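Worksheet: one structure, shown below.
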Amino acid sequence: MLAGDRLRNPDVARARFVPRAALAGIVATFLVSSVSPAQNMRVVATTGDLASLARAVVGDLAQVETIIPPAADPEAFEPRPSDLARLKGASVVVRVGLGYDHWLDKLLSMLGDAAINRGGAGYVDASVGIPLLEVKGSSVDPANRDGHAHGLANPHYWLDPANAEIITGGIAEAGIRVAPEAAAKIIANRDSFLARLKADLVEWEQLLAPHRAARLIAYHNTWPYFARRFRLNIVDVIEIKEGVAPSPARLAKLAATIREQKIRVIVHEPFEPEEASQLLARRTGAVVVKLAPSVGSVPAATDFRALFDYNVATLARALSAASN
Amino acid sequence: MFEDVLAFAALPLAAAIVFTGIHTWFGLQVLRRNVVFADLALAQVSALGATVAVVAGHAVQSAAGYAYTLIFTAVGALLLTASRGFARSVRQEAFIGVLYVVATAATVLVVDRSPQGAEHVKKMLVGGILSVTADELVKFIILYSIIGAIHWLLRRPLLAAADHMETSTDIGKFAFWDLVFYLSFGVVVTSSVATAGVLLVFCFLIVPALVGSLFSSHIGVALVIGWIAGAAASAAGIFGSFLLDAPTGAVTVVTFAAVLLVAGAIRAFITAPAAERSRNRQRGLHVGGLVLCLLIGLSGAWVVVAPAGDHPILAMIETAAGLGPDRFMSPSERADYLEAAAIERRHKGEIDRLYDRERQSRWQGDELTPDEIRRIGSMQQTLTEMGRGERFVMDYLRTRGRERERWYVGLPLAAIGFIAAATIARRARRAR
C-alpha cells in the first residue's frame, strides 16, 4: 500500500472520528456563537511529540503545554510540584499511555478533576486505536478497569508519522467535546496538518527508499514503528534492560553480528550513555548516528514534522555515506 | 568472537589494575584516618562540579569542564580538612555523610534545571569501565604516577597526619598535610569515578586495603597484599562478567566482596597463630553448621505451615536432587501439570513466531496493513493471557503437591534440621 493511500483511506480514523456529516451539523449550530470560550482552552500533553500534534490540531484556539522538558529522557522522568500546577485547570490532557507516562495517573488522581481523568471528556490516551507493535499482554494496572485494558506494547508509536492521523483524531475529538463551538476550526486545522504531513511522508519515504531493508543496530528499542514505516531492519538492540549497562559478552556478540551482517550504522539517542555504542563503533568501524526519539531531543527537532525531517535526513545521509 | 572478548576485556582489566594500584594506597590511609566514606563525598562533590560545567554549557572533557570539576573538588577537600577540626566531640564520618548527601541533592537540583546533565549523572553512578580507551588509560597512568611519586616523597608527614587522628589536639600542625591528602585524593577519585563509577571506585579503595590490613599492620606489606588481592578480584570480576553475561561493574563489586570473604577465611583458618587457628576452625564449623541446619529446619517448617507460599530453599534442594514438583501429585494431576507446561511453552513459541513474522514484515515483502498488525497484537495479547492461565493451573497443582509434600518432606526436613542444630549448639556450649 502506498503512503498516500494510507492517509487517504483511514479506516481507523474514520471509525474513531465523528462522522463528517454530523460534524457539519454541529458546526452549523455553533457558527452563530462564534466568540467562544475555546480561547480559554488549555491542553497539557505529557511529551513534546503529543504537544506538537495537539498544537497542530488546536492552532490558536488553545494554549498547549508539555510536562516532560525537551531533551530529557522521558523514560526516566519524575514529575515535580509545578507539573501538578500545570495540570490544574487543563481542559484536555494528552498522554502516550502504555505505561510510558505512568506517573500521570498519580498526578491526575491527586487533582481529582473528573473531566481530565480516565473516561472524562478532556482525557486523551493517544495510544487508543494505534496498531501496536511488540504487544506483551494486558495491562494489569488496577486503575485501568474501564474495559479498555489494551495491551502493553512498545510505546514509541509516534515515530511512525502515519500514526499522527490516529493521534490527532483522538485529540480533535477531545477538543470538540470540550469546546463544541470550535469544531469547524479544529477539523480544518487537522485536515490541513494531515495534508501537509502526507506530502512530507511521501518525501521522507523517497529519501529512505534507496536504503530499504538497511540493517541497523539501535541502542534502545525505540524504533520499531519508525523501522516499519521506512522499511528498515533493526537487527538488534544494545541495551536490553532500561538503565542496565550491556554485559561484555553481549557486546562481543553484537560486534560479531555487526561484522557478519556488515552493519554500518548504530542508532543512538542523545540522552543515553554513549560509551557502549562508541566502543562497538571503534571495534567494528560502524558509525554512531544520533537520532531524535522525540520533539526537542535535538535542537533541530522543533516540532513533529521537523522531527522526521531531521531523523530521515540524518539517517539517509549516514546510510549513503556508509554504502560508499 | 574470541578476539572481541579479549579486546573487550584487556583494556578494562588494565584499567582496573591501574585503579587498584593507586586506590589501595589511598584506601590504607583512609582506613587509618577512619574516613571510609570520604571518597563517596569527594566523588559526589566533583560530580556536582562536572554537572555544573555541563549546565553552564561546557563538555565534561573540555578544559573548562576540568576546571569546574577541580575547583569543586578543591572546595570539597577544604571542607573535609576542616571537618577534622569540627570532629572533636562527634565522629568526622558524620560530617562526611552530610557532605555526601548535600552534594548528591545539589547535583539532582542542578540536573533538574537542565535535563542534559542527567546522562552524566547516570554514568557517574554506573560507570563505564568496559569502554575505557587506550588514550584514557595512558592519561590515568601518567596522572597516577605523578600523584603516587608525590605521595612516596611525602609519605612520612602524610602517614603521621593519618596516625594522629584521635590523639592530636594540635589541628593546625596537620591541617596542611590533611589538605594535601584530600586534594590529591580528590583528583584521583574524580578521574576514576568518571570511568569506573562510584560503586566500583569504592571497592578499589576499601577492599584491597582491608585485605592488606587483615594480614599485616606494616603499610608496605599491606599495600603489596592489597595489590595482589585487588588485581585478582578485578580479573575475576571482568572475566566473570563475560561468563555470566552480566554488567561488568556490578559483577566486579561482587567479586571484590568475595575476595574479602576468602581473605577473611584464610586469615581466620590458615594464617592465624596456631591456638587461635584451631579455635577459629572449631567456631567456624559450629556457626556454619548451625546456620545451615537452622535454614533447613526453618525451610521444612515453612512448608508445613504454608505449603502454598514461596519455598526457595526447598526448590533449590529439589532442583539439585532432580526432583520436579510433580513427584507428589496424583497421576491425573501430574498429567494436567505436564500438559499445562507444554501448552504454555507452545503459547510462548507462538507469540515469538508472531513477533518474528511482524518484525520481518517491517522491511521484507509486503508491508502488513494496520489491521493485520492489530490482529497480530491481539493474538499476542490473548496468547499471553492464556499462558498466564496455564501458569495459574501449574501453580495450583504445585501447591496441591506441596500440601502432600509437607508431611513427607517438610516434617522430616524440619525435624532433621532442628535436631542437628540443637546438637551442634550443645556441643559448642560444651567446647566453651
Over the Cα atoms of the stretch A:212-323, each weighted equally, I'd like the Debye log10 I(q)/I(0) at q = 0.18 Å⁻¹, rounded to two decimals.
-0.88
What angle do you read, to the nearest 10 degrees and between 0 and 90, between the alpha-carbon axis of helix B:171-215 and the longest principal axis of chain B?
20
Other residues with Cβ under 13 Å from the Cβ of residue B:421 give, with Lys and Arg +1 and Asp and Glu -1, a net charge of +3
Can you compute 3J(HN,Hα) from phi for each residue in the stretch B:310-321, using the Karplus curve 6.51 cos²θ - 1.76 cosθ + 1.60 with θ = phi - 60°, rounded to whole Hz and x for Gly and Pro?
7, 10, x, 6, 4, 4, 5, 4, 4, 5, 5, 8
Intensity falloff of the protein assembly as shown expressed as log10 I(q)/I(0), Debye formula with alpha-carbon point scatterers, at q = 0.05, 0.06, 0.09 Å⁻¹
-0.36, -0.52, -1.06
Specify the angular offset, from 0 to 90 degrees and rounded to the nearest 10, of the alpha carbon long axis of helix B:411-431 from the longest principal axis of the alpha carbons in chain B.
30
With θ set to phi - 60° and the Karplus curve 6.51 cos²θ - 1.76 cosθ + 1.60, what are the ³J(HN,Hα) couplings of the stretch A:249-263 in order, to the nearest whole Hz, using x for Gly and Pro?
5, 5, 5, 5, 5, 5, 4, 5, 4, 4, 5, 4, 8, 6, 7
Using the charge dipole of the protein assembly as shown (Lys, Arg: +1 at Cβ; Asp, Glu: -1 at Cβ; taken about the Cα centre), state which of A:62, B:233, B:190 has its Cα farthest towards the positive end.
B:233
Between residue A:267 and residues 5 or more places away or on another chain, the pairs with built amide H atoms under 5 Å apart involve A:217, A:218, A:219, A:289
Radius ratio Rg over Rh of the stretch B:125-277, counting only Cα atoms, Kirkwood formula for Rh
1.02
Hull surface divided by four, with the convex hull built on the Cα atoms of the stretch B:13-60: how many nm²?
4.2
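Between residue B:156 and residue B:411, what length comes free when the chain is fully extended (0.36 nm per residue of separation minus the Cα-Cα distance, one decimal in nm)?
85.4 nm is the gain from fully extending residue B:156 to residue B:411.
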Most mobile of B:257, B:422, B:162 in a GNM of chain B (Cα contacts under 10 Å)
B:422
Considering just Cα atoms, how many Å³ per residue does the convex hull of chain B enclose?
237
Within the stretch B:233-249, whose backbone N sits under 19 Å from a point 7 Å along Cα→Cβ of residue B:270?
B:233-237
Hey, got the dipole for the protein assembly as shown? About the Cα centre, +1 on K and R Cβ, -1 on D and E Cβ, debye to the nearest 20?
2060
Environment charge at residue B:269 (Cβ cut-off 14 Å; Lys +1, Arg +1, Asp -1, Glu -1):
+4
Could you pull out every one of the aspartates and glutamates with an alpha carbon less than 19 Å from that of residue A:198, ignoring same-chain neighbours closer than 8 positions?
A:5, A:11, A:49, A:160, A:165, A:303, A:309, B:367
Just to confirm the number: angle between the C-alpha axis of helix B:92-113 and the first principal axis of chain B, 0 to 90 degrees, nearest 10?
70
In whole Hz, with x marking every Gly and Pro, tabulate ³J(HN,Hα) for the stretch A:68-79 from phi via Karplus 6.51 cos²θ - 1.76 cosθ + 1.60, θ = phi - 60°.
6, x, x, 6, 8, 7, x, 7, 10, 6, 10, x
Sorted by chain and then number, the residues having a modelled amide H within less than 5 Å of the amide H of residue A:300, at least 5 places away or on another chain, are none
Using DSSP to call loops (not H, G, I, E or B), can you name the trypsin sites (Lys or Arg not before Pro) in the stretch A:196-242 whose Cβ has at most 14 other Cβ atoms within 10 angstrom?
A:212, A:241
Here the gain from full extension of residue B:426 to residue B:283, 0.36 nm per residue of separation minus their alpha-carbon distance, amounts to 50.2 nm
Going through A:136/B:348; A:253/B:348; A:253/B:139 one by one, the pairs whose alpha carbons sit over 22 Å apart turn out to be A:253/B:348; A:253/B:139
Once every DSSP H run of n ≥ 4 in the protein assembly as shown is given -39500 (n - 2.57) and the sum is divided by its residues, what mean residue ellipticity at 222 nm do you get, rounded to the nearest 500 deg cm²/dmol?
-22500 deg cm²/dmol
Listed residues B:402, B:32, B:388; largest mean-square fluctuation, Gaussian network over chain B with Cα springs below 10 Å, found at B:388
Measure up A:106/A:241; A:262/A:290; A:106/A:290 against 26 Å on the Cα-Cα distance and list the ones that go over.
A:106/A:290
Under the rule of at least 5 residues apart or a separate chain, name every residue whose amide H is placed under 5 Å from the amide H of residue A:214.
A:233
Pop a pseudo-label 7 angstrom from the Cα along the beta-carbon direction at both residue B:59 and residue A:105 and give the gap in nm to one decimal.
4.3
Semi-axis lengths (Å, descending) of the ellipsoid that matches the C-alpha gyration tensor of the stretch B:298-431
47, 17, 11
Once Lys and Arg are counted +1 and Asp and Glu -1 for all other residues with Cβ under 11 Å from that of residue A:193, the total becomes +1
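No value in this document is a laboratory result; all are computed from the given coordinates. Quick caveat: nothing in here was measured; it's all calculated off a predicted structure. All Cβ positions, glycine included, derive from the backbone under ideal geometry; neighbour counts span all protein chains shown.
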